[in-house]
Amino acid sequence: MTNAWLYDGESALRRSVTLAARDGALEIAGENGTARVAPDDLVFIESRPDERIYGRKDVLGWRLGVPEPVADTLAALLPHAARYGGWIDRVGLWRASAIGLAVSAAVLFAVYQLPHWLAPLVPDRVMKSYGDAMVGDFGGKFCAGPGGQAALDTLTRRLAPEVKDLNVRVVNLPIVNAAALPGGNIVIFNELLKEAKSPEEFSGVLAHEIAHIEHRDVAEAMVRELGLGLVLTTLGGDVAGNVHSLLSLSYSRDAEGAADAESIAMMNRARISPAPTAGFFERLAKDENTIGGADVLVYLSSHPISKGRAAAFRKGAAKDTAYTPALSRDEWDALVDICHNDPDRQD
């Protein structure tokens, strides 16, 4: 027999008891009589320097203190201390670690893929409402110099004749940037046109933004950065408050690569050489290193430039292909000066 102490869960009195192993059960004898407890009803509570504490699953407040060292006959009936936690002890530390890593990897993959899975759930009417509200937010900043919009529309149709409801406009803001917006809207900031040395350089940028719309990357980026709930809520003032966020939407590396590939294919179908676009990217990257990331190079923050991307456009020019100018000289001049020649321009 082993001396121990017991709180029976009914009173606050600590009683002295004796313990014994009888027929596969723990026998507890004290002044109130003898009780038998099945090993499965016991739980380990804690280990102290001179004793171990146990409880009962079916009796709240029941505590049994067994002094160290515990006799082997009793130890065989008493539950062992959990080193890491119930399920970890059952499966083992290494297996539990492997399970934890697998679950973490699955969660990370799901979080990464979630916007891609949810983007198709955003209704087209919601995307159009967002896009229309954003376009309206620019107000008098849109440029309409003689012949400029016609030239832009001509180039857009040539690059993407099968894409319907594209609305491409030039905004009179001194930023080197272009952005695909919800609902088939694309805004070109005037400074980007000035930075481009030819309509072919500009065509690659325009085709890239059209590709983002074709691939529904805008909806995916909105879900990722704003959340599906916000995207699907009533528009109201939310759009105005999120115009800056929507203009600076960033896309995943895979989406950027796919947009580049589609841009190159789009230009080749239109018989416009993609090679000059490589020069545009390389020049922007060089300017960024020189200027140190000035505001005029905002394009680089939302469209990461790399030698690999520039090389892809240069390599995308097919040999022995009779490329033609993206626009005539007069059309290109009208597009570049679309804001300067706008009689209603608001600076």
Among the listed residues Ser273, Ser198, identify the single one that is at pLDDT 90 or above and crowded, with 19+ Cβ neighbours inside 10 Å.
Ser273
Is it true that some residue in segment 170-187 is surrounded by fewer than 15 Cβ atoms within 10 Å (Cβ to Cβ) and part of a helix (DSSP H, G or I)?
no
Those strands (runs of 3 or more DSSP E) completely within segment 19-86 that have 2 or more residues that are surrounded by 16 or more Cβ atoms within 10 Å (Cβ to Cβ) and over 56 Å from the mean Cα position of the chain (by Cα) are 25-30
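The values are calculated or read from the model by the stated rules, or taken from the named source; none is laboratory data. Not measured: the values here are computed from a predicted model. When we count neighbours, we look across all protein chains shown, and the Cβ atoms used for this are built from the backbone with ideal geometry, even at glycine.
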